Amino acid sequence: MQRREFITLLGGAVAAWPFEVRAQQPERMRRIGILLPATADDAQYQTWVTSFLQGLQQSGWTIGRNVQIDTRWATANAATIRKQAAELVALAPDVILAHGSMSVGPSLEATHTVPIVFPVAADPVAAGFVESLARPGGNATGFMNMEYDIGGKWLELLKEIAPNVTRVAIIRDTANPTGIAVFGVIQAMAPSLRVEVTSINMRDAGETERSVAAFARSPNGGLIVTPSGSSLLHRDLIVKLAAGHKLPAVYFERSYVAAGGLVSYGTDFVAQYRQAAGYVDRILRGEKPADLPVQAPTKYEMVLNLKTAKALGLPVAPSLLARATEVIE
């Protein structure tokens, strides 16, 4: 064997040896924190998280082999959410998945370095979570749960399912910019549908109860519930009030209809949690949240509760049934 050939062969062997050793080493364990403004027995959130975990698995991440999941069910209590956000950051995760403004805000207060992905956020620019949708610029990115023009679709849907409605109360949280913006959209469309629009501001359960009762004293009323942490916190109360006062109501999310509400039209959160898994995968593989644009919803769902429609004396047109993503009977 010539000297040059020997050196070449030796160099190849040395180069191959670390590769073989590395291949036998266990994979590096990555850590994902999940912060949710709900309780662990919330079936809706469990479904969404399952979709996220399935998305991770499809990208090659297996719990116990190359990824560890730390989940915090922080309820809807603001102080608890802040505490749990700080605890997750202290674990030094590679990325945090945080649902909605109630969780994203405290997470960003707890860290400016750990990447944060939100599967759902109403207006991340207005909330200060990102600099712009195209270029988030900081350590957070993710997916919007709606665009403001959806408010017009809610009003159209309410008039379609309850044609006699001429007065509509918009339940909103004035501390949330989304409620104010959506109210403006609905208000602009109201004259074309011959509807009078008013607002019910949520500050606490008692005020909401009194305001809905006062609104319901006049006939032909209906409700539209806009997204916020407060509306989710008081979900069961709002559904109960709508039923008790015989008010047709349109909601932004399926869980209200599952709890007895009339109809919802909104983003498919299952799909968004799966998309969020794709962003988490890209971050774990080296990309920066600052470079991943915030995405608008691409998939919507309409859920209709026929039992509630019957209780309200509302006949449901076949065309509406045909458009429904899900019908609860």
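Once ligands and nucleic acids are excluded and a 1.4 Å probe is used, how much of HIS234 is accessible, expressed in Å² to the nearest 10?
40
Which whole-Hz ³J(HN,Hα) couplings does region 317-325 yield from phi under the Karplus relation 6.51 cos²θ - 1.76 cosθ + 1.60, θ = phi - 60°, glycine and proline marked x?
Per-residue couplings from phi come out as 5, x, 5, 6, 4, 5, 7, 5, 6 Hz.
Once Lys and Arg get +1 and Asp and Glu get -1 on their Cβ, which of VAL125, PHE52, THR62 lies farthest toward the positive end of the dipole of the chain?
Most positive-ward Cα: THR62.
Just read off the accessible area of THR325 with the full protein assembly in place, 1.4 Å probe, to the nearest 10 Å².
Counting only protein heavy atoms, THR325 exposes about 90 Å² to solvent.
Based on DSSP H runs of at least 4 residues, each adding -39500 (n - 2.57), what is the mean residue ellipticity at 222 nm of the chain after dividing by all its residues, to the nearest 500 deg cm²/dmol?
Values: 13 runs with 146 residues, N = 329.
Taken over the chain, the calculation gives -13500 deg cm²/dmol.
What full-extension length gain, to one decimal in nm, is calculated for LYS246 and THR80 as 0.36 nm per residue of separation minus the Cα-Cα distance? If you can, show how the numbers build up before the last one.
Values: separation 166, 0.36 × 166 = 59.76 nm, distance 3.53 nm.
Gain on stretching LYS246 to THR80: 56.2 nm.
Please state the charge dipole magnitude for region 46-160, taken about the Cα centre, from unit charges on C-beta atoms (+1 on K and R, -1 on D and E), reported in debye and rounded to the nearest 20. List each step's numbers first, then the result.
Details: 7 positive and 10 negative charges, 59 e Å.
The calculation lands at about 280 debye.
Using Cα atoms only, what is the angle between the long axis of helix 3-24 and the major principal axis of the chain, expressed in degrees (0 to 90) to the nearest 10?
40
Show which lysines lie in cross-link reach of LYS307 when reach means a straight Cα distance below 23 angstrom and same-chain residues fewer than eight apart are skipped.
Cross-link targets: LYS153, LYS159, LYS240, LYS246.
What is the local net charge at VAL280, summed over the other residues whose Cβ is closer than 14 Å to its Cβ (Lys, Arg +1; Asp, Glu -1)?
On the way: positive: ARG30, ARG31, ARG274, ARG282, ARG285, LYS288; negative: ASP70, ASP94, ASP281, GLU287.
Here the charged neighbours net out to +2.
Extension gain ALA322-ARG285, at 0.36 nm per residue separation less the Cα-Cα distance, in nm? Show your work: numbers first, answer last.
Numbers: separation 37, 0.36 × 37 = 13.32 nm, distance 4.24 nm.
Contour length minus the Cα-Cα distance gives 9.1 nm.
Looking at the chain only, what percent of DSSP beta bridges run antiparallel? Nearest 5 please. Intermediate values should be presented prior to the final figure.
Values: 5 of 42 bridges.
Approximately 10 percent, going by the DSSP bridge assignments.
Once you charge only the Cβ atoms, +1 for Lys and Arg and -1 for Asp and Glu, what is the size of the charge dipole of region 244-290 about its Cα centre, to the nearest 20 debye? Intermediate values should be presented prior to the final figure.
Details: 6 positive and 4 negative charges, 8 e Å.
That gives region 244-290 a dipole magnitude of about 40 debye.
Return the whole-Å distance between the Cα centroid of region 224-250 and the Cα centroid of region 54-119.
The distance from the Cα centre of region 224-250 to that of region 54-119 comes to 28 Å.
Express the carbon and sulfur contribution to the solvent-accessible surface of the chain as a percent, rounded to the nearest whole number, probe 1.4 angstrom. Please report the intermediate quantities before stating the final value.
Details: 8340 of 15670 Å².
In the chain, the share of accessible area belonging to carbon and sulfur is 53 percent.
Residue farthest toward the positive end of the dipole of region 245-329, with Cβ of Lys/Arg at +1 and Asp/Glu at -1: which of TYR279, LEU312, SER255?
Going by the Cα projections, it comes out as LEU312.
When averaged across all projection directions, what area in nm² does the alpha-carbon convex hull of the chain cover? Could you put the intermediate results ahead of the total?
Numbers: hull surface 85.3 nm².
Over all viewing directions, the chain projects a mean Cα-hull area of 21.3 nm².
Could you give the distance between the Cα centres of region 186-213 and region 282-309, to the whole Å?
Distance between centres, Cα-based: 27 Å.
Could you sort SER59, SER231 by their accessible area in this structure, using a 1.4 Å probe and putting the largest first? Let's see the in-between values first.
Details: SER59 40, SER231 0 Å².
Correct descending sequence by accessible area is SER59, SER231.
Would you tally the net charge around LEU232, using a Cβ to Cβ cut-off of less than 14 Å, leaving LEU232 out, and scoring K and R as +1, D and E as -1?
Values: positive: ARG172, ARG235, ARG254; negative: ASP42, ASP173, ASP236, GLU253.
That works out to -1.
For LYS83, which aspartates and glutamates qualify as cross-link partners when the Cα separation must be under 15 Å and same-chain residues fewer than eight apart are set aside?
ASP70, GLU109
How large is the charge dipole for the chain, taken about the Cα centre, if only the Cβ atoms of Lys, Arg (+1) and Asp, Glu (-1) carry charge, to the nearest 20 debye?
Numbers: 31 positive and 29 negative charges, 32 e Å.
Charge dipole of the chain: 160 debye, to the nearest 20.
Which longest uninterrupted range of the chain lacks any trypsin sites (Lys or Arg not before Pro) assigned by DSSP to a loop state (not H, G, I, E or B) and surrounded by at most 11 other Cβ atoms within 10 Å?
Details: sites that count: ARG28, ARG65, ARG194, ARG217, ARG285.
Longest gap between qualifying sites, sites excluded: 66-193.
The values are calculated or read from the model by the stated rules, or taken from the named source; none is laboratory data. Small disclaimer: the values here were computed from a predicted structure and weren't measured. For neighbour counting, all protein chains shown are included, and Cβ atoms are generated from backbone atoms with ideal geometry for every residue, glycine included. Ligands, DNA and RNA are excluded from the accessible area calculation, which covers all protein heavy atoms including side chains. Shrake-Rupley method; radii C 1.70, N 1.55, O 1.52, S 1.80 Å.
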